[in-house]
Amino acid sequence: IKTPDLLDALKSIAKEGFSPSSLGQYIRNPIDFYNYKVLGLKQPNDIEETIEANTFGSVVHYTLEAFYEPFVGETLEVLKLEQLKHKVPETVEHFFKKLFKKGDITQGKNLISFEIAKRYINNFLDAEIQFLNKGNTVQVLAVEESVVLDFDHPDLDFPIKLKGNVDRIDVCNGVRRIIDYKTSKVSQTDLNLVDWATITQDYKKHSKSFQLLMYAYILNQTDPFNGPTEAGIFSFKNFKSGVIKFTKKDKPGNGASKQQEISEEILESYKIQLVALLSELFNPDIEFIEKEV
(Lines give C-alpha, C1' and ligand atoms only; values in the text may rest on other atoms or scores of the structure.)
Protein backbone atom coordinates (compact mmCIF):
# COMPACT_ATOMS: atom_id res chain seq x y z
CA ILE A 1 0.00 0.00 0.00
CA LYS A 2 1.37 3.42 -0.93
CA THR A 3 1.42 5.19 2.40
CA PRO A 4 2.56 8.84 2.61
CA ASP A 5 5.98 7.63 3.79
CA LEU A 6 6.24 5.26 0.83
CA LEU A 7 5.30 8.02 -1.59
CA ASP A 8 7.99 10.23 -0.04
CA ALA A 9 10.50 7.41 -0.57
CA LEU A 10 9.42 7.16 -4.22
CA LYS A 11 9.91 10.91 -4.66
CA SER A 12 13.43 10.58 -3.26
CA ILE A 13 14.16 7.89 -5.83
CA ALA A 14 12.68 10.12 -8.57
CA LYS A 15 14.91 13.01 -7.51
CA GLU A 16 17.96 10.75 -7.73
CA GLY A 17 16.86 9.49 -11.13
CA PHE A 18 15.03 6.74 -12.97
CA SER A 19 17.00 4.69 -15.50
CA PRO A 20 15.41 2.54 -18.20
CA SER A 21 16.36 -0.56 -16.20
CA SER A 22 14.68 0.68 -12.98
CA LEU A 23 11.46 1.60 -14.78
CA GLY A 24 11.73 -1.67 -16.70
CA GLN A 25 11.90 -3.49 -13.39
CA TYR A 26 8.63 -1.83 -12.38
CA ILE A 27 7.01 -2.80 -15.70
CA ARG A 28 8.22 -6.39 -15.35
CA ASN A 29 7.12 -6.84 -11.72
CA PRO A 30 6.13 -3.92 -9.43
CA ILE A 31 6.92 -5.87 -6.26
CA ASP A 32 10.52 -6.36 -7.42
CA PHE A 33 10.82 -2.59 -7.91
CA TYR A 34 9.46 -2.13 -4.39
CA ASN A 35 11.81 -4.70 -2.86
CA TYR A 36 15.01 -3.59 -4.57
CA LYS A 37 14.53 0.15 -5.22
CA VAL A 38 12.38 1.17 -2.26
CA LEU A 39 13.40 -1.26 0.49
CA GLY A 40 16.94 -1.51 -0.85
CA LEU A 41 17.09 -5.28 -0.57
CA LYS A 42 20.11 -6.74 -2.30
CA GLN A 43 19.30 -8.66 -5.43
CA PRO A 44 20.43 -12.31 -5.31
CA ASN A 45 24.08 -12.35 -6.34
CA ASP A 46 26.17 -15.07 -4.79
CA ILE A 47 29.95 -14.91 -5.08
CA GLU A 48 30.67 -15.77 -8.67
CA GLU A 49 32.49 -18.98 -9.30
CA THR A 50 31.48 -18.99 -12.93
CA ILE A 51 31.26 -15.91 -15.07
CA GLU A 52 27.69 -14.64 -14.85
CA ALA A 53 25.99 -12.94 -17.78
CA ASN A 54 26.31 -9.46 -16.26
CA THR A 55 30.08 -9.84 -15.73
CA PHE A 56 30.49 -11.24 -19.23
CA GLY A 57 28.49 -8.35 -20.71
CA SER A 58 30.51 -5.81 -18.75
CA VAL A 59 33.78 -7.22 -20.08
CA VAL A 60 32.56 -6.82 -23.66
CA HIS A 61 31.29 -3.28 -22.97
CA TYR A 62 34.50 -2.15 -21.25
CA THR A 63 36.67 -3.61 -24.00
CA LEU A 64 34.75 -1.74 -26.69
CA GLU A 65 34.85 1.44 -24.63
CA ALA A 66 38.64 1.16 -24.31
CA PHE A 67 38.98 0.54 -28.06
CA TYR A 68 36.63 3.27 -29.31
CA GLU A 69 37.19 6.10 -26.82
CA PRO A 70 40.29 7.31 -28.74
CA PHE A 71 38.11 7.58 -31.88
CA VAL A 72 35.54 9.99 -30.39
CA GLY A 73 35.22 12.94 -32.77
CA GLU A 74 36.89 11.02 -35.58
CA THR A 75 35.70 9.16 -38.65
CA LEU A 76 36.46 5.44 -38.35
CA GLU A 77 39.26 4.08 -40.52
CA VAL A 78 39.77 0.45 -41.56
CA LEU A 79 43.49 0.48 -40.78
CA LYS A 80 42.97 1.70 -37.20
CA LEU A 81 40.33 -0.95 -36.58
CA GLU A 82 42.60 -3.67 -37.97
CA GLN A 83 45.35 -2.52 -35.62
CA LEU A 84 43.02 -3.14 -32.66
CA LYS A 85 42.64 -6.83 -33.45
CA HIS A 86 45.99 -7.85 -32.00
CA LYS A 87 45.02 -6.07 -28.73
CA VAL A 88 41.86 -8.14 -28.24
CA PRO A 89 43.29 -11.01 -26.09
CA GLU A 90 45.18 -8.80 -23.65
CA THR A 91 42.36 -6.25 -23.30
CA VAL A 92 39.65 -8.86 -22.73
CA GLU A 93 41.88 -10.63 -20.20
CA HIS A 94 42.55 -7.33 -18.41
CA PHE A 95 38.84 -6.64 -17.88
CA PHE A 96 38.04 -10.23 -16.89
CA LYS A 97 40.70 -10.06 -14.18
CA LYS A 98 39.47 -6.62 -13.07
CA LEU A 99 35.79 -7.60 -12.82
CA PHE A 100 36.08 -11.29 -11.98
CA LYS A 101 38.49 -11.29 -9.06
CA LYS A 102 37.22 -14.50 -7.44
CA GLY A 103 37.51 -16.86 -10.35
CA ASP A 104 39.87 -18.71 -12.64
CA ILE A 105 39.57 -18.11 -16.39
CA THR A 106 42.08 -20.76 -17.45
CA GLN A 107 39.77 -23.76 -17.43
CA GLY A 108 36.20 -25.02 -17.63
CA LYS A 109 33.19 -22.79 -18.29
CA ASN A 110 35.17 -19.68 -17.45
CA LEU A 111 37.72 -20.41 -20.17
CA ILE A 112 34.87 -20.91 -22.63
CA SER A 113 33.38 -17.53 -21.62
CA PHE A 114 36.79 -15.89 -22.04
CA GLU A 115 37.19 -17.35 -25.54
CA ILE A 116 33.63 -16.33 -26.51
CA ALA A 117 34.25 -12.76 -25.35
CA LYS A 118 37.36 -12.54 -27.53
CA ARG A 119 35.40 -13.93 -30.47
CA TYR A 120 32.61 -11.40 -29.94
CA ILE A 121 35.05 -8.49 -30.03
CA ASN A 122 36.80 -9.86 -33.12
CA ASN A 123 33.45 -10.40 -34.84
CA PHE A 124 32.43 -6.84 -33.98
CA LEU A 125 35.63 -5.37 -35.42
CA ASP A 126 35.30 -7.53 -38.54
CA ALA A 127 31.71 -6.36 -39.02
CA GLU A 128 32.78 -2.72 -38.70
CA ILE A 129 35.63 -3.23 -41.18
CA GLN A 130 33.34 -4.91 -43.72
CA PHE A 131 30.79 -2.12 -43.29
CA LEU A 132 33.44 0.55 -43.98
CA ASN A 133 34.85 -1.40 -46.92
CA LYS A 134 31.43 -1.19 -48.57
CA GLY A 135 31.80 2.59 -48.72
CA ASN A 136 29.92 3.54 -45.56
CA THR A 137 31.22 6.32 -43.31
CA VAL A 138 30.94 6.36 -39.52
CA GLN A 139 31.92 9.22 -37.22
CA VAL A 140 31.99 8.39 -33.50
CA LEU A 141 30.39 11.09 -31.35
CA ALA A 142 30.44 9.42 -27.93
CA VAL A 143 30.99 6.10 -26.16
CA GLU A 144 29.51 5.12 -22.78
CA GLU A 145 27.82 8.51 -22.61
CA SER A 146 26.05 9.34 -19.33
CA VAL A 147 22.84 11.23 -20.05
CA VAL A 148 20.50 12.93 -17.59
CA LEU A 149 17.38 15.06 -17.83
CA ASP A 150 15.24 16.98 -15.34
CA PHE A 151 11.81 15.80 -16.44
CA ASP A 152 9.00 18.34 -16.06
CA HIS A 153 5.33 17.61 -16.53
CA PRO A 154 2.28 19.36 -15.05
CA ASP A 155 0.81 16.05 -13.85
CA LEU A 156 3.96 15.32 -11.82
CA ASP A 157 4.65 18.33 -9.59
CA PHE A 158 7.87 17.14 -7.95
CA PRO A 159 11.46 16.72 -9.18
CA ILE A 160 12.04 13.76 -11.49
CA LYS A 161 15.30 12.88 -13.19
CA LEU A 162 15.68 10.51 -16.10
CA LYS A 163 19.14 9.05 -16.58
CA GLY A 164 21.01 6.41 -18.50
CA ASN A 165 24.25 5.32 -20.10
CA VAL A 166 24.36 5.15 -23.89
CA ASP A 167 26.90 2.67 -25.24
CA ARG A 168 27.59 4.58 -28.46
CA ILE A 169 26.42 7.60 -30.43
CA ASP A 170 27.68 8.01 -33.97
CA VAL A 171 26.81 9.47 -37.37
CA CYS A 172 26.50 6.85 -40.10
CA ASN A 173 26.18 8.17 -43.66
CA GLY A 174 24.69 11.39 -42.29
CA VAL A 175 22.27 9.70 -39.86
CA ARG A 176 22.81 10.03 -36.13
CA ARG A 177 22.56 6.62 -34.43
CA ILE A 178 21.94 5.83 -30.76
CA ILE A 179 23.33 2.34 -30.23
CA ASP A 180 23.09 -0.13 -27.37
CA TYR A 181 25.20 -3.30 -27.22
CA LYS A 182 23.59 -6.57 -26.14
CA THR A 183 25.49 -9.82 -25.61
CA SER A 184 22.13 -11.60 -25.75
CA LYS A 185 20.25 -12.59 -28.91
CA VAL A 186 18.16 -9.75 -30.36
CA SER A 187 16.23 -9.82 -33.62
CA GLN A 188 14.19 -7.27 -35.53
CA THR A 189 10.91 -8.51 -34.04
CA ASP A 190 12.22 -7.42 -30.61
CA LEU A 191 12.36 -3.82 -31.86
CA ASN A 192 9.10 -3.63 -33.80
CA LEU A 193 6.30 -1.66 -32.14
CA VAL A 194 2.71 -1.48 -33.37
CA ASP A 195 0.61 -0.28 -30.40
CA TRP A 196 2.14 2.45 -28.24
CA ALA A 197 0.26 1.34 -25.11
CA THR A 198 2.12 -1.98 -25.05
CA ILE A 199 5.57 -0.38 -24.62
CA THR A 200 4.94 0.03 -20.87
CA GLN A 201 2.88 -3.13 -20.45
CA ASP A 202 4.76 -5.96 -22.15
CA TYR A 203 8.27 -5.98 -20.68
CA LYS A 204 9.40 -9.15 -22.43
CA LYS A 205 8.44 -7.88 -25.86
CA HIS A 206 9.23 -4.17 -25.67
CA SER A 207 11.84 -3.53 -22.95
CA LYS A 208 14.55 -2.87 -25.54
CA SER A 209 12.41 -0.36 -27.44
CA PHE A 210 11.51 1.35 -24.14
CA GLN A 211 15.22 1.69 -23.28
CA LEU A 212 16.26 3.04 -26.70
CA LEU A 213 13.46 5.58 -26.84
CA MET A 214 14.22 6.80 -23.32
CA TYR A 215 17.80 7.46 -24.40
CA ALA A 216 16.56 9.19 -27.56
CA TYR A 217 14.09 11.30 -25.58
CA ILE A 218 16.75 12.45 -23.09
CA LEU A 219 19.26 13.22 -25.84
CA ASN A 220 16.74 15.18 -27.91
CA GLN A 221 15.82 17.27 -24.89
CA THR A 222 19.42 18.01 -23.95
CA ASP A 223 20.85 18.31 -27.50
CA PRO A 224 17.96 18.59 -29.98
CA PHE A 225 18.26 16.48 -33.12
CA ASN A 226 18.97 18.63 -36.16
CA GLY A 227 18.89 15.80 -38.66
CA PRO A 228 17.72 12.23 -39.15
CA THR A 229 18.22 10.06 -36.07
CA GLU A 230 17.78 6.34 -35.50
CA ALA A 231 18.17 4.09 -32.47
CA GLY A 232 19.15 0.46 -32.47
CA ILE A 233 20.89 -2.50 -30.91
CA PHE A 234 24.00 -4.37 -31.92
CA SER A 235 23.47 -7.97 -30.82
CA PHE A 236 26.62 -10.06 -30.44
CA LYS A 237 24.62 -13.23 -30.97
CA ASN A 238 23.20 -11.79 -34.19
CA PHE A 239 26.13 -9.68 -35.39
CA LYS A 240 25.44 -10.36 -39.09
CA SER A 241 22.34 -8.17 -38.79
CA GLY A 242 24.44 -5.13 -37.88
CA VAL A 243 22.56 -2.43 -35.99
CA ILE A 244 18.96 -3.61 -35.57
CA LYS A 245 16.79 -0.49 -35.60
CA PHE A 246 13.74 0.47 -33.58
CA THR A 247 10.85 0.36 -36.02
CA LYS A 248 7.34 1.77 -35.59
CA LYS A 249 4.80 -0.17 -37.64
CA ASP A 250 1.23 0.88 -38.36
CA LYS A 251 -0.05 -2.71 -38.15
CA PRO A 252 1.25 -6.25 -37.54
CA GLY A 253 2.54 -8.38 -40.38
CA ASN A 254 4.62 -7.91 -43.50
CA GLY A 255 2.43 -5.36 -45.28
CA ALA A 256 2.82 -2.67 -42.62
CA SER A 257 4.37 0.72 -43.26
CA LYS A 258 7.54 1.18 -41.22
CA GLN A 259 9.20 4.20 -39.67
CA GLN A 260 12.74 3.98 -38.30
CA GLU A 261 13.57 7.67 -37.98
CA ILE A 262 13.16 8.95 -34.41
CA SER A 263 10.92 11.91 -35.22
CA GLU A 264 9.34 14.47 -32.88
CA GLU A 265 6.07 12.58 -33.32
CA ILE A 266 7.70 9.31 -32.18
CA LEU A 267 9.21 11.00 -29.13
CA GLU A 268 5.95 12.73 -28.23
CA SER A 269 4.09 9.40 -28.42
CA TYR A 270 6.76 7.85 -26.19
CA LYS A 271 6.48 10.72 -23.71
CA ILE A 272 2.72 10.12 -23.37
CA GLN A 273 3.37 6.50 -22.36
CA LEU A 274 6.21 7.50 -20.03
CA VAL A 275 3.99 10.03 -18.23
CA ALA A 276 1.24 7.40 -17.89
CA LEU A 277 3.76 4.96 -16.40
CA LEU A 278 5.12 7.50 -13.91
CA SER A 279 1.59 8.60 -12.99
CA GLU A 280 0.73 4.98 -12.21
CA LEU A 281 3.90 4.57 -10.15
CA PHE A 282 3.01 7.60 -8.01
CA ASN A 283 -0.74 6.92 -7.83
CA PRO A 284 -1.53 6.30 -4.14
CA ASP A 285 -4.53 4.16 -5.10
CA ILE A 286 -2.45 1.64 -7.08
CA GLU A 287 -0.63 -0.75 -4.78
CA PHE A 288 2.64 -2.51 -5.47
CA ILE A 289 1.60 -6.03 -6.42
CA GLU A 290 3.29 -9.22 -7.54
CA LYS A 291 2.81 -9.51 -11.27
CA GLU A 292 2.15 -13.05 -12.44
CA VAL A 293 4.88 -14.00 -14.89
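The values are calculated or read from the model by the stated rules, or taken from the named source; none is laboratory data. What you are looking at is a predicted structure, and each value in this text was computed from that prediction instead of being measured. Virtual Cβ from ideal backbone geometry, glycine too; neighbours counted across all protein chains shown. Side chains are part of the model used for accessible areas, which takes the heavy atoms of the whole protein and leaves out ligands, DNA and RNA. Shrake-Rupley method; radii C 1.70, N 1.55, O 1.52, S 1.80 Å.
If you restrict to DSSP beta bridges whose two residues both lie in segment 148-260, what percentage is antiparallel, to the nearest 5?
Around 60 percent antiparallel, to the nearest 5.
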* To do: Hey, can you find the accessible area per residue of the chain for me, probe 1.4 Å, expressed in square angstrom?
  => 53
* Quick one, which of (i) 50, 19, 16; (ii) 36, 30, 21; (iii) 33, 26, 17 is the actual semi-axes √(5λ) of the Cα gyration tensor in Å calculated for this model? -> (iii)
* Asked: With +1 on each Lys and Arg Cβ and -1 on each Asp and Glu Cβ, how big is the dipole of segment 1-82 about its Cα centre, in debye rounded to the nearest 20?
  -> 600
* Helix-derived [θ] at 222 nm for the chain: sum -39500 (n - 2.57) over DSSP H runs of at least 4, divide by residue count, nearest 500? -> -13500 deg cm²/dmol
* **For segment 164-177, 3J(HN,Hα) per residue [Karplus equation, 6.51 cos²θ - 1.76 cosθ + 1.60, θ = phi - 60°, Hz, x = Gly/Pro]** => x, 9, 8, 4, 7, 10, 9, 10, 10, 6, x, 10, 6, 10
* Specify which residue in the list Gln260, Phe210, Thr222 is farthest towards the positive end of the charge dipole of segment 175-293, using unit charges on the beta carbon of Lys, Arg (+1) and Asp, Glu (-1), about the Cα centre. => Gln260
* Structure fact -> With all protein chains in place and a 1.4 Å probe, Glu264 shows an accessible area in Å² (nearest 10) of 120
* Farthest positive-ward along the chain dipole, Cα basis, beta-carbon charges - from Ala66, Ser269, Leu162 -> Ala66
* Members of Lys37/Lys205; Lys37/Lys258; Lys42/Lys161; Lys2/Lys291; Lys15/Lys258; Lys240/Lys271 lying beyond 27 Å, as alpha-carbon distances in this model show -> Lys37/Lys258; Lys15/Lys258; Lys240/Lys271
* Pick from Phe67, Phe95, Phe158: which is most flexible by mean-square fluctuation in a GNM of the chain where alpha carbon atoms under 10 Å apart are linked? -> Phe158
* Report the trypsin sites (Lys or Arg not before Pro) located in segment 160-233 that are in a DSSP loop and have at most 16 other Cβ atoms inside 10 Å of their Cβ, or state none. => Lys185
* Could you tell me what percent of the DSSP beta bridges with both partners in the chain are antiparallel, to the nearest 5? => 70
